[in-house]
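Take a look at the structure below.
What follows draws every value from the coordinates through simple rules; no lab data is involved. If you're wondering where the values come from, they're calculated on a predicted model, not measured in any experiment. Here the Cβ positions follow ideal geometry from the backbone for every residue, glycine too, while neighbour counts run over all protein chains shown.
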Amino acid sequence: MEFIVYSRRGCHLCEVLLGELEPLIRGRARITVRDVDDRPEWRVAYGERVPVVHCDGEDICQYNLDRQAVLNRIAAG
């Protein structure tokens, strides 16, 4: 299972979210971080609403980590 985090360099909220997400899913899923400024389509889709956690084709939380949504996604696996 993979969680994609749409992020931006220098984003404090992004750093906080990643710091909370990593230990929550360690050993159960992997994280891929995508900088929204690396691709125009990511910039259009996510713009200023980073960080966004995406899994299985769906955005499951933005700005702040929704721990329960992440755990539910892992359980549904």
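The table that follows gives values for the structure above.
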| item | result |
| --- | --- |
| Residues of the stretch 36-51 classified as farther than 17 Å from ALA69 by Cβ and either surrounded by fewer than 16 Cβ atoms within 10 Å (Cβ to Cβ) or over 12 Å from the mean Cα position of the chain (by Cα) (or both), total | 11 |
| Top-ranked residue in the stretch 5-27 [being charged (D, E, K, R), farther than 13 Å from ARG67 by Cβ and out of contact with any strand residue (DSSP E or B) (no Cβ under 7 Å at 6 or more places or on another chain); ranked as surrounded by the fewest Cβ atoms within 10 Å (Cβ to Cβ)] | ARG26 |
